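What follows is one structure encoded as structure tokens, with my remarks underneath.
The values are calculated or read from the model by the stated rules, or taken from the named source; none is laboratory data. Note that the coordinates shown come from a computational prediction; the quantities given were computed from them, not determined experimentally. Heads up, the Cβs are rebuilt from the backbone with ideal geometry, glycines too, and the neighbour counts pull from every protein chain shown.
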Amino acid sequence: MSLRIHCFQHVPYEDLGCIKNWIEEKGHHLTITKFWEIYRIPKVTDIDVLIILGGPMSIFHDDECPWLGIEKQYIKKAIDQKKKILGICLGAQLVANRLGAEVYQGKYAEIGFFPIHRTPESDNITCLKTLSDKATVFHWHNDTFEIPENAVSIAFSEACQNQGFMYNNHVLALQFHLEMTPDSLKKILVNCYSDLVENKFVQSVDAILDNIQKATDNNKIMVAILDSFL
């Protein structure tokens, strides 16, 4: 069955990555709201899946990003209508916020390839079977979130206690980036270079580029999740 997939993209350099290839290969219908352009948003009833990508802004930057309020309202409607939702990084934070959880600046920025650890309570989540304990995934975030009520925490890292959650089997939030291809990583390095402040959980450009092929491994995990979740 062809799915009607809508994507919220916040900046040009953080795109769907390997997810776009998956959508095209499966023959699903994709529409994208690009918030930096004159944008349109479909009715919630006209979509089956909502994907919310990352971005450099905070969920509280409504004055700088006036579309954030519209986006938050839409996400809440999509949750209430039980649409399948995938939130990544900023997208995960927006979903957590709409589910009533606190979103705040983390103790550490986390940028680069670092391992995550699966939580025991997430073992029964079928779509995460290929996301192994101690998987090395790509991170780029300053903010984080608490786990919403009735959601299942799925992972944590040394730098960040909450790396994602599943809510009612139709909302999946990932703080980390399984979707970013090697080309995607190069784009964010160019556009967000100033984020690479000295910190034990922030890797250098060279360290990230030395491990860039790990993104391909991450993409395989992302595709397996999509195959099961959607």
Can we say Val197 is loosely packed, with under 13 Cβ neighbours inside 10 Å, modelled with pLDDT under 95 and among the aliphatic types (A, V, I, L, M)? yes
Regarding the range 136-154, can at least one residue be identified that is within 24 Å of His28 (Cβ to Cβ), touching a residue at least 24 places away in the same chain (Cβ under 8 Å) and part of a strand (DSSP E or B)? no
Report, ordered by the first and then the second residue, all pairs with beta carbons closer than 7 Å, sequence separation of six or more or different chains, a first member in the range 13-25 that is under 13 Å from Gly87 (Cα atoms) and hydrophobic (A, V, I, L, M, F, W, C), and a second member that is modelled with pLDDT of 95 or more and in a helix (DSSP H, G or I). Ile19/Met222; Ile19/Leu226
Taking the range 56-94 as the region of interest, how many residues are free of Cβ contacts under 8 Å to residues at least 60 places away in the same chain, touching a strand residue (DSSP E or B) at 6+ places or on another chain (Cβ under 8 Å) and of a type in the set (Gly, Ala, Ser)? 1
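Here's the yes/no breakdown for (1) of a type outside the set (Gly, Ala, Ser); (2) part of a helix (DSSP H, G or I); (3) touching a Pro at 6+ places or on another chain (Cβ under 9 Å):
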{"position": "Glu179", "(1), (2), (3)": "yes, no, no"}
{"position": "Ile212", "(1), (2), (3)": "yes, no, yes"}
{"position": "Met222", "(1), (2), (3)": "yes, yes, no"}
{"position": "Asp227", "(1), (2), (3)": "yes, yes, no"}
Of the residues Ile51, Ile75, which single one is surrounded by 17 or more Cβ atoms within 10 Å (Cβ to Cβ), under 22 Å from Asp227 (Cα atoms) and in contact with a helix residue (DSSP H, G or I) (Cβ under 8 Å, 6 or more places away or on another chain)? Ile51
Filtered residues of the range 37-55 (kept if out of contact with any strand residue (DSSP E or B) (no Cβ under 9 Å at 6 or more places or on another chain), over 27 Å from Leu185 (Cα atoms) and not charged (D, E, K, R)): Thr45
Just wondering, is there one or more residues in the range 182-189 that are among the small types (Gly, Ala, Ser) and under 29 Å from Pro12 (Cβ atoms)? yes
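Does Lys129 satisfy the condition of being at positive phi and of a type outside the set (A, V, I, L, M, F, W, C)?
No; evaluated as a whole, the condition is false for this residue.
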Which of the residues belonging to the range 106-135 are of a type in the set (Val, Ile, Thr) and either in a loop (DSSP other than H, G, I, E, B) or within 16 Å of the chain's Cα centre (by Cα) (or both)? Ile111, Ile116, Thr119, Ile125, Thr130
